[in-house]
Amino acid sequence: MYLIVVYQKIDDMIYLGHLDFMNLWEKMLRILDLPIAFSQGMHKTMKFNLIQPLSLGVEGMNELLHVELTQDVDLVNLKSKLITLLPEGIKIKKIVKTKYNSKWFNQNKVAAKYQISSPKKISDTIATHKNILQIKTLSPTSLLVTVINNPALQTNIKEIILTLFPKVDIIKMKRVSLIYRVASLL
């Protein structure tokens with residue numbers, strides 16, 4: 001059985017590195033005493049991972065934590081316990097059961113949407129880049145950029161942003177969502 005925890009990573013938590021963030025989740029899952037599946041072998045580890053980890057300094061509005069369980073759990077109770085344990089800057093949006101393993105999520109990823117904001121007007125400085133699928137202007141100082149992000153082509157969003165806007169100071173960047181081939185996966 002698999003669970004997906006949909007959460008936001010905001011505020012000061014964006015400066016927590018990937019390994020520290022994984023350690024935080026591991027501690028939270030241990031405190032909850034969930035029936036988590038473990039890998040087999042000499043060094044047994046919990047079977048959980050982040051689907052498409054964020055770059056350091058980037059907010060995430062709809063991030064996914066994938067957890068493999070050995071038996072069913074009460075999702076409402078789990079969500080309320082988890083909300084009380086997590087530090088400020090991590091907000092649980094929902095917890096759902098899924099039939100897909102984490103490999104499926106990584107293999108069926110198509111794109112990612114990022115919102116980019118700057119104190120200066122950025123809509124006039126847009127360059128082109130081969131990995132950009134769509135750019136939507138939200139305001140003169142804010143854009144929604146959809147980039148290709150699949151197993152064959154992992155996009156470095158920070159590199160693309162620097163290429164697109166070489167003369168603009170980006171003040172804030174957040175991933176709004178990941179886009180998959182199948183629309184209703186959760």
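Could we say that Lys113 is more than 22 Å from Asp20 (Cβ to Cβ) and out of contact with any helix residue (DSSP H, G or I) (no Cβ under 7 Å at 6 or more places or on another chain) here? Please lay out each step first, then the result.
Details: more than 22 Å from Asp20 (Cβ to Cβ): yes; out of contact with any helix residue (DSSP H, G or I) (no Cβ under 7 Å at 6 or more places or on another chain): yes.
Answer is yes for this residue.
Could you list, ordered by first residue, the pairs with Cβ atoms under 8 Å in which the first is in region 163-181 and outside any strand (DSSP E or B) and open to solvent by less than 70 Å² (accessible area, probe 1.4 Å) and the second is among the small types (Gly, Ala, Ser) and modelled with pLDDT under 80, at least 6 apart or interchain?
Thr163/Ala127; Leu164/Ala127; Phe165/Ala127
Which members of region 132-178 meet the condition of being hydroxyl-bearing (Ser, Thr, Tyr) and at pLDDT below 80? Explain how you work it out, then say what you get.
Residues of region 132-178 hydroxyl-bearing (Ser, Thr, Tyr): 137, 139, 141-142, 146, 155, 163, 177.
Once the filter is applied, which keeps residues that are hydroxyl-bearing (Ser, Thr, Tyr) and at pLDDT below 80, region 132-178 yields Thr155, Thr163.
Among (1) part of a loop (DSSP other than H, G, I, E, B); (2) within 30 Å of Asp33 (Cβ to Cβ); (3) in contact with a helix residue (DSSP H, G or I) (Cβ under 6 Å, 6 or more places away or on another chain), where does Gly57 come up short?
With respect to (1) part of a loop (DSSP other than H, G, I, E, B); (2) within 30 Å of Asp33 (Cβ to Cβ); (3) in contact with a helix residue (DSSP H, G or I) (Cβ under 6 Å, 6 or more places away or on another chain), Gly57 is out only on (2).
Pull up region 79-106, narrow it to residues that are assigned to a helix (DSSP H, G or I) and of a type in the set (Ser, Thr, Tyr), then point me to the one that is farthest from Leu69 (Cα to Cα). Outline the logic, then answer.
From region 79-106, those assigned to a helix (DSSP H, G or I) are 79-85, 102-106; that's our starting set.
Pick out the ones that are also of a type in the set (Ser, Thr, Tyr) and you get 80, 84, 102.
On the way: Ser80: 18, Thr84: 21, Ser102: 13 Å.
Per the criteria, the residue is Thr84.
Among residues belonging to region 117-131 that are open to solvent by less than 80 Å² (accessible area, probe 1.4 Å) and either out of contact with any Ser or Thr (no Cβ under 7 Å at 6 or more places or on another chain) or not in a strand (DSSP E or B) (or both), point out the one that is modelled with the lowest pLDDT.
Here the residue is Thr125.
Return the residues of region 6-19 that are in a helix (DSSP H, G or I) and either at pLDDT 95 or above or open to solvent by less than 40 Å² (accessible area, probe 1.4 Å) (or both); say none if nothing qualifies. Lay out the reasoning, then the answer.
Just the residues of region 6-19 that are in a helix (DSSP H, G or I), to begin with: 11-15, 18-19.
Met13, Ile14 - these are the residues of region 6-19 that are in a helix (DSSP H, G or I) and either at pLDDT 95 or above or open to solvent by less than 40 Å² (accessible area, probe 1.4 Å) (or both).
Of the residues that sit in region 37-79 and are of a type in the set (S, T, N, Q) and closer than 16 Å to Ile157 by Cα, which one is least open to solvent (accessible area, probe 1.4 Å)? It would help to see each step written out before you state the result.
Restricting attention to region 37-79, the residues satisfying the condition of being of a type in the set (S, T, N, Q) are 39-40, 45, 49, 52, 55, 62, 70-71, 77.
Add one more test, that the residue is closer than 16 Å to Ile157 by Cα, and what stays is 52, 55.
Values: Gln52: 27, Ser55: 49 Å².
Here the residue is Gln52.
Of the numbered conditions (1) open to solvent by 50 Å² or more (accessible area, probe 1.4 Å); (2) assigned to a loop (DSSP other than H, G, I, E, B); (3) touching a Leu at 6+ places or on another chain (Cβ under 7 Å), Leu34 fails exactly one; give the number of that condition.
Against the list (1) open to solvent by 50 Å² or more (accessible area, probe 1.4 Å); (2) assigned to a loop (DSSP other than H, G, I, E, B); (3) touching a Leu at 6+ places or on another chain (Cβ under 7 Å), Leu34 comes up short only on (1).
Out of the residues in region 37-54 that are free of Cβ contacts under 8 Å to residues at least 24 places away in the same chain and outside any strand (DSSP E or B), state the one that is farthest from Ala112 (Cα to Cα). Give the derivation first.
Step one: of region 37-54, the residues free of Cβ contacts under 8 Å to residues at least 24 places away in the same chain are 38-48.
Next, from what is left, pick out any that are outside any strand (DSSP E or B): 39-45, 47.
Working: Ser39: 30, Gln40: 33, Gly41: 35, Met42: 37, His43: 34, Lys44: 32, Thr45: 29, Lys47: 25 Å.
Here the answer is Met42.
Tell me which residues, restricted to region 94-106, are open to solvent by less than 90 Å² (accessible area, probe 1.4 Å) and either free of Cβ contacts under 8 Å to residues at least 40 places away in the same chain or more than 20 Å from Lys47 (Cα to Cα) (or both).
Trp104
The values are calculated or read from the model by the stated rules, or taken from the named source; none is laboratory data. This is a predicted model, so every value here is computed, not measured. Every residue, glycine as well, gets a Cβ built from its backbone with ideal geometry; the counts of neighbours run over all protein chains shown. SASA here: full protein model, heavy atoms, side chains in, ligands and nucleic acids out. Shrake-Rupley method; radii C 1.70, N 1.55, O 1.52, S 1.80 Å.
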